[in-house]
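Shown next, in structure tokens, is the structure this report addresses.
The values are calculated or read from the model by the stated rules, or taken from the named source; none is laboratory data. Since the structure is predicted, the reported quantities are computational estimates derived from the model, not experimental observations. Cβ placement follows ideal geometry from the backbone for every residue including glycine, while neighbour counts extend to all protein chains displayed. In case anyone asks, the SASA skips ligands and DNA or RNA and just uses the protein heavy atoms, side chains included. Shrake-Rupley method; radii C 1.70, N 1.55, O 1.52, S 1.80 Å.
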Amino acid sequence: MLHPLLLRRALLLSCACLAACGEGGPDRARASLVGAGDIASCWWRADESTARLLDKIDGVVFTVGDNVYQDGSLRQYARCYAPTWGRHLERTRPTPGNHDYKTRDGAGYFAYFGARAGEPGKGWYSYEVDGWHVVALNTEEEVGEDSEQLRWLREDLRRHRTRCTLAYMHHPRFSSGKHGGRDQLGPLWNLLYASGVEVVLAGHDHHYERFAPQTPDGRLDRAKGIRQFIVGTGGAPHYA
């Protein structure tokens, strides 16, 4: 079985400035950013296994959506997410997925995470971590050319011209898995690419996948391309 949080090492390899990797002692790994998506349910136990991995890894915890199954209700967050990944709530910076939006407007998601999830009804925000500018996006909301989210992102990236930038969201632009990639994310990726974003993280498909740096239309670009990771390995049963 693939280690669900191999993403931590892969990120460290992908850009030299994600480098706050001091010695954490024999029982604790030091990282800047660690996490996954497609996480918790009261019907399986793998989310407790990945939560125990988080117990021994420092850094900001990100989620790339489908945080709790099946409906993302506040009750399911309290009963099924809180006992596992909820142990790390204070250091978690989440994004929602389609299962979180099975409760109308993601109400359970926004109620559980509060201000950590950005403005209710929007859910996009950014922050800084160890020399990186990190952008959390909400692919359950509109991401077209004239969308409020894309206008916000354009201004955010203009104002934060750091050496390294990372974005994360639920749906992947490219995927070899069951759900496949999303052409609808083209305008979003065009902006990320034009702004020099190095890394994008996504979930939705329940597997781990790492792509070579690519243009928004999937051509290899080792100079300016975005390296995308799919890390839908937070606890939900893996896809073939």
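Tabulated results
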| item | result |
| --- | --- |
| Arg45-Asp156 pseudo-label distance in nm [points 7 Å out on the Cα-to-Cβ vector] | 3.8 |
| Mean separation of Cα contacts under 8 Å (6+ apart) over length of the chain, as relative contact order % | 20 |
| Computed Kirkwood radius, in angstrom, where 1/r is averaged over Cα pairs of segment 39-156 | 14.7 |
| Rounded percent of accessible protein surface that carbon and sulfur make up, the chain, 1.4 Å probe | 49 |
| For mean projected area of the Cα convex hull in nm², calculated from these coordinates, the label among (i) 14.1; (ii) 11.9; (iii) 13.0 | (ii) |
| Gaussian network model of the chain, springs between alpha carbon atoms under 10 Å - residue of Gly180, Gly106, Gly203 with greatest fluctuation | Gly180 |
| The chain - accessible surface per residue (Å², probe 1.4 Å) | 44 |
| Mean ellipticity per residue at 222 nm, deg cm²/dmol - from DSSP H runs of n ≥ 4 across the chain, formula -39500 (n - 2.57) | -5500 deg cm²/dmol |
| Reachable lysines, given that their alpha-carbon falls under 30 Å from the alpha-carbon of Lys102 and they are not under 8 places away in the same chain | Lys122, Lys178 |
| Estimated distance in nm for a label pair at Arg219 and Glu145, the labels positioned 7 Å out from Cα along Cα-to-Cβ | 2.0 |
